Amino acid sequence: MKKLLLISLLALAGCSTVIPVKMSFPQVPEELKKSCPALKEVDPATTKLTEVLKVVTANYGQYNECQVNLDAWIQWYDSQKKIFEEVQ
């Protein structure tokens, strides 16, 4: 009788044991880890407006590309954080 009671207690204890699961936040995609490149500078000796406009145009495009990457990073982070918090 004692053996049966002991076996049933062990069986019940085994069923209620909680196994801890370690959750880790997902890794950042490599394309979102790139920092923005430095903006180009106009040569101080330049007197041509066309050269200044070329540099300004290149910087404008570079800024917009960096802005798109930052927006993608924010969207990815927010979605991953929401999923991570829902699972916990």
List nothing, just return the count: lysine pairs in region 29-88, 8 or more apart or interchain, with Cα separation under 23 Å.
5
Correct semi-axes for region 29-88, from √(5λ) of the alpha-carbon gyration tensor and rounded to whole Å with the largest first, are 39, 9, 6
On the formula 1/(1 + (r/R0)^6), with r taken between the Cβ atoms of VAL87 and LYS34 and R0 of 22 Å, the FRET efficiency rounded to 0.05 is 0.20
Once both labels are modelled 7 Å past Cα along the beta-carbon direction, what's the ASP43-GLN62 spacing in nm?
1.6
What nm value, rounded to one decimal, do you get for the distance between VAL55 and GLN27 when each label is placed 7 Å out toward the C-beta?
4.0
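Bear in mind that the values in this text are calculations on the coordinates, not laboratory data. Worth saying up front: this structure is predicted, and the values here are computed from it rather than measured. With ideal geometry, Cβ positions are generated from the backbone for all residues, glycine too; neighbour counts draw on all protein chains shown.
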